[in-house]
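Asker: Attaching a single structure in C-alpha cells format; questions to follow.
The values are calculated or read from the model by the stated rules, or taken from the named source; none is laboratory data. Treat the numbers as computed from the prediction; the structure is a model and nothing was measured. Here the Cβ positions follow ideal geometry from the backbone for every residue, glycine too, while neighbour counts run over all protein chains shown.
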Amino acid sequence: MGRAGTLLKEETPGIRHTLANLRLMSDQLKLTAVEVRSQPWRLLHSPTTKEMSSQVLYDARAAYAEAASDLRAASEGARGQRRQAVGRRHADAVARGGQVQDGRGGR
C-alpha cells in the first residue's frame, strides 16, 4: 500500500477542497429547494422592484449559510490536523521512551 498511501497523502489537500466544494454545493441546493418549495412561481415570472429588494435579504441569508459551512469545514479540518499532530508527537515520544506533552506545555 506504499504507492497508494503516498498518492493519498499527496492528494489529501485536493480531496479536502473537493469535499468542501461538495458541502457548499449541498448547502446551496438546500437553500434552492427551500425557495422553490416556498415560492415556485419565481421560476416562471420576473420579480417586481419590491421582490428584488427582498432578494437582498435572501442573498445575505445564503452568504451566511455559505460562511457557516466554510467555518464548520475549516474547524473540522483544524481539529483533524491537531489530532494527527498530537498522535505523531505521542508516537515519537513513545518511540524515544519519553513522556508525552499535550502541546500546551503539560504532560
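Asker: Cβ contacts < 7 Å: first residue hydrophobic (A, V, I, L, M, F, W, C), restricted to segment 79-100; second residue surrounded by 10 or more Cβ atoms within 10 Å (Cβ to Cβ) and at pLDDT 75 or above, any location; separation 6+ or different chain. Result?
Answerer: Cβ pairs passing all conditions: 100/89; 100/90; 100/93.
Asker: Could you please let me know if residue 29 is assigned to a helix (DSSP H, G or I) and at pLDDT 90 or above?
Answerer: yes
Asker: Please go through segment 65-89 and pick out each residue that is within 17 Å of residue 22 (Cα to Cα) and loosely packed, with under 11 Cβ neighbours inside 10 Å. Break it down into steps so the answer makes sense when it comes.
Answerer: In the first step, residues of segment 65-89 are kept if they are within 17 Å of residue 22 (Cα to Cα); the result is 65-77.
Once the filter is applied, which keeps residues that are within 17 Å of residue 22 (Cα to Cα) and loosely packed, with under 11 Cβ neighbours inside 10 Å, segment 65-89 yields 67, 71, 75.
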